[in-house]
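Presented below is the structure to which this report refers.
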Amino acid sequence: MYPSVNEGESQSEPSRDVRTGLDPGNLSQAVCDYLYYFQGRHPATASRNDFYLSTAYAVRDRLFQRGVQSLDALLHRPEGRTVAYLSAEFLMGPQLAANLVNLGIYDAMREALWRMDVRLEDLIEHEVEPGLGNGGLGRLAACYLDSLATLEIPAIGYGIRYEFGIFSQQIREGWQVELTDKWLHLGYPWELARPERAVSVRYGGYTEPYTDEQGRYRVRWIPAEIVKGVPHDTPILGYRVKTCNLLRLWRAEAVHSFDLAAFNVGDYSRAVEEQVTTETISKVLYPNDASPQGKALRLKQQYFFVACAIEDMLRAHLRFGGRPETFHKRWAAQLNDTHPAVAVPELMRLLLDDHGLEWDDAWDVTQKTFGYTNHTLLPEALETWPIDLFGALLPRHLEIVFEINRRLCDGIRRVYPGDEDRVRRMSLVEEQGRRSLRMANLACVGSHAINGVAALHTELLKSQVLSDWVAMSPERFCNVTNGVTPRRFVLASNPALSRLVTETIGDHWPARLEALRGLEPHAEDPAFRKRWRDVKRENKQQLAAVIKERTGISVDPESLFDIQVKRIHEYKRQHLNVLHILTLYRRLKENPGLDMVPRTFVFGGKAAPGYHVAKLIIKLITATGDLVNDDPDVRGRLKVVFFPNFSVKAGQAIYPAADVSEQISTAGQEASGTGNMKFSLNGALTIGTLDGANIEIREEVGPENFFLFGLTADEVRAAKASGYNPRAVYEQNQELRAVVDLIGSGGLGGDPGLFRSVLDGLLWHDPFMVLADYQAYVDCQERVAALWRDPEAWARMSILNVARMGKFSSDRSIRDYCERVWHVGPLGAPTEGAP
Ligand code: 4GP
């Protein structure tokens, strides 16, 4: 007989055994079982991949054992609010170590594997990460999923299961070479495909009006193409809680994958044609500089995951008796930048056409559902779609967008009669040149809350890019400063530091990062400082070994590790860093006996494949390494390393080993930065401008513990307005001139023309004020070197940096979103301000 539901929960839960037990004995038995029954291998003959997969399955069992109830509730809950995080990118990073940490079984698993003569660290190293994002925006989404689960807020991340993620980067002869990323080729054990929950997505065709039974005017969409979206779920367990959320990524499949009729008449390629065309939709992650030819596919991708997500959400809502009019009471949906902005007309379409709501009611639901986060002020990143392209792919959506726009423009005219300039600026349609749809404006009009990702960024959004929107509805704007998860970026990646911190202040800090304040008094304790330095040395030794293995370059762990890892972009100014290195190099050449602090400069990051100057900057860095690394006059005092294929995994090895964190973007350009937080949390001191979250980091750690240099955002603007002349800066600064001339004369790489486009850019335009900030940067680096000569003072400052970084936990960011945007509390309870 089956036990009845009422007979108590214990009977409906599996027993704690090989599938769920947490001690090393259970864990090693579980891994063995998976080796045997899933991989068909005996431990003695199993490969590293067999061990990795079996360990992952054993961990996944334990995720489900903890989380299955909350997972069930997530989609089958009649009430409460769930957060839907809509994002074209999720840069999740490797899963094994992070899941072990969140489950609290890292050490137990290490012991379990040890019993089988396997090192957990080797399996962690073996793991291939899903690179389903370009950079900060995608990694932020992943940190937020971790925090949502940890804070027990029901949430689903919705995105695309790209078959190929961000390219894998090799350095050949100093140049970036892009290779296809095959993250799935050895199997991905963390996800479950759920084909039974597939949804249909429509494209193209035309619309036609009709009159319904009540005599009302309605519109129906007759699509030309239908594609199936199949969800693939990855469980996201919070840190030491039982709440498990979902990352639900959609894969595109053909409705009919095989045309038997075509096959039977011998037309083999036509037999699979539909399948091939359809599957390109989720084939590859777009680099963020994509060419126009790819644009149609990118729009298809955006609509694809948004349509799947909204359908999934609506289906869950209706299944439990929810009505279309109350959709917003069940879901708070966040638009992670404008990529999912087509969700606004999509929800309107479903509510109007499929559920018969009146316009005003549908609009009310839509606006209450969505919030919009902007991640960049770069003009080239503000998305627009040609109207003809949009209309061909989504004819019904275009009609809805036009109607939203008509009402928007009428509203503006009512508030600002006669101000046609304002109407033109705020319109959803750009009329100049090829008519196009402005996605940021669409996201703004459709959202009840709009935010930037750091205080300065939100201020600049409000005063510049979105100032018209602020004037119309200031109450919709707020700031939510980014954060990062301390579980992955400290606990999992810096075990030595974590042990020391836990021994000193207890083990609450990963879930309550403000507790790090407890470290402050220890900054004055010489014995503690020594242990702090020992941890850093150990981390640097480990990184030095990895650098040797990846690049062949030997670096001295006793030297100052000065690190800049992030996307390669002119606004991030890796070339300013290079100018400083060459300045030091020239000083050594002129005076080989100079007493100089030995430094290892590490760079890492990918350049967008079509961004010529960024790729040239990589070559500039590697050429600088070639010049200085083996120069006998340098005597090992300068080393320059380009760490290939920077990724989440690489970052986890790099952040813990940094002494100095380079956050040197032109003020006003970096929306927030999150690498700055990861470095500082691991005890690096920041050299940086007043940009993005640097400003708030400096406020928190104290200006005396931060190396500040450079123009402010206002000064940058003023300098440009008054005719900034980089050539004059070059003429007047002798050291700068010598360094620029060294590059321009073929001193790097032998070909004087090689870096011409970089140098011409600097000397004639310099839009990112590299030359303007050069002297301030070099001077600031002198202060860094001076402090390095006092290891006690350095360690004190490093401890204070960590102690005061509590604000930058992504848990705090999520609490801010809950309070300011979503109005939702633990377990989905609506909070004050909920619609
Ligand atoms: C990035 C911003 O450049 C970075 O400053 C910010 O920290 C991050 O988003 C998260 O908010 N933007 C992107 C992008 O990654 O693709 O626009």
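The values are calculated or read from the model by the stated rules, or taken from the named source; none is laboratory data. Source: prediction; values computed, not measured. Note that each Cβ is placed from the backbone with ideal geometry, even for glycine, and that neighbours are counted across all protein chains shown. To get the accessible areas, we keep the full protein, side chains included, count just its heavy atoms, and leave off ligands, DNA and RNA. Shrake-Rupley method; radii C 1.70, N 1.55, O 1.52, S 1.80 Å.
Summary of computed values
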item	result
Linear extension gain, Asp779 paired with Asp595, 0.36 nm per residue minus alpha-carbon span	64.6 nm
Inter-probe distance in nm under a simple model that places probes 7 Å from Cα toward Cβ, at Leu827 and Glu503	4.0
Cα gyration tensor shape of region 667-745, rounded if a/c is under 1.5, else prolate or oblate by comparing a/b with b/c	prolate
Net dipole in debye of the chain [+1 Lys, Arg Cβ; -1 Asp, Glu Cβ; about Cα centre; nearest 20]	300
Distance between modelled label sites at Asp354 and Thr280, nm, 7 Å Cα→Cβ extension	2.7
Only Lys, Arg (+1) and Asp, Glu (-1) charged, at Cβ; region 729-831 dipole about Cα centre in debye	640
Trypsin sites (Lys or Arg not before Pro) within region 744-835, DSSP loop, no more than 13 other Cβ atoms inside 10 Å	Arg789
Backbone HN-Hα couplings from phi across region 344-351 [Karplus 6.51/-1.76/1.60, Hz, Gly and Pro as x]	5, x, 5, 5, 4, 4, 5, 5
Rg/Rg_globular for the chain, with Rg_globular taken as 2.2 N^0.38 Å and Rg from C-alpha atoms	0.98
Integer Hz, Karplus 6.51/-1.76/1.60 couplings in order for region 199-209, x for Gly and Pro	10, 9, 10, 10, 9, x, x, 8, 10, 9, x
Set Lys182/Lys548; Lys615/Lys639; Lys566/Lys639; Lys462/Lys678; Lys548/Lys589 screened for pairs whose C-alpha atoms are more than 23 Å apart	Lys182/Lys548; Lys462/Lys678; Lys548/Lys589
Leading residue at positive end of dipole, region 681-802 (Cβ point charges), from Gly723, Leu708, Leu800	Gly723
Relative contact order computed over the chain (Cα-Cα under 8 Å; 6+ residues apart), in percent	13
Label-point separation in nm, Glu79 to Ser757, each point 7 Å along Cα→Cβ	6.1
Cα gyration tensor shape for region 693-835, rounded if a/c is under 1.5, else prolate or oblate	prolate
Percentage of interatomic Cα-Cα distances in region 242-401 larger than 28 Å	33
Positive dipole terminus of the chain, leading residue within Val241, Leu74, Leu497 (C-beta point charges)	Leu497
Relative packing of 29-36, 459-466, which averages over residues the other C-beta atoms within 10 Å, highest first	29-36, 459-466
Percent of C-alpha pairs per 10 Å bin, region 291-352, short to long	20, 50, 22, 7, 1
At least 30 Å along the helix axis (C-alpha) and Kyte average at least 0.0, DSSP helices within the chain	295-319
Reachable lysines, given that their alpha-carbon falls under 18 Å from the alpha-carbon of Lys228 and they are not under 8 places away in the same chain	Lys283, Lys300
Dipole of the chain [Lys/Arg +1, Asp/Glu -1 at C-beta], most positive-end residue of His256, Trp822, Tyr210	Trp822
Paramagnetic reach from Ala296 (point 7 Å along Cα→Cβ, amide N under 11 Å) across region 380-405	389-390, 392-393
Length added when fully stretched, Cys478-Glu558, from 0.36 nm per residue minus Cα-Cα	24.3 nm
All aspartates and glutamates inside 15 Å of Lys540 as judged from Cα atoms, apart from same-chain residues fewer than 8 positions distant	Glu549, Asp556, Glu558, Asp562, Asp659
R0 of 41 Å, Cβ-Cβ distance Tyr188-Ala728: FRET efficiency to nearest 0.05	0.15
List Trp469, Trp363, ordered by accessible area with a 1.4 Å probe, largest first	Trp363, Trp469
For the chain: accessible area per residue (Å², 1.4 Å)	38
Approximate shape of region 477-632 as ellipsoid semi-axes (Cα gyration tensor, √5λ), whole Å, largest first	33, 23, 15
Compactness of region 42-175 as Cα Rg over 2.2 N^0.38 Å, two decimals	1.24
Stretch gain in nm, segment Asn49-Arg413, where the contour uses 0.36 nm per residue and the Cα spacing is subtracted	124.7 nm
Cα-based radius of gyration of region 388-526 once divided by 2.2 N^0.38 Å, which approximates compact folds	1.66
Placed amide H near Phe164: partners under 5 Å, 5+ positions off or other chain	Val284, Leu285
Bridge type composition, the chain - antiparallel percent by DSSP, nearest 5	45
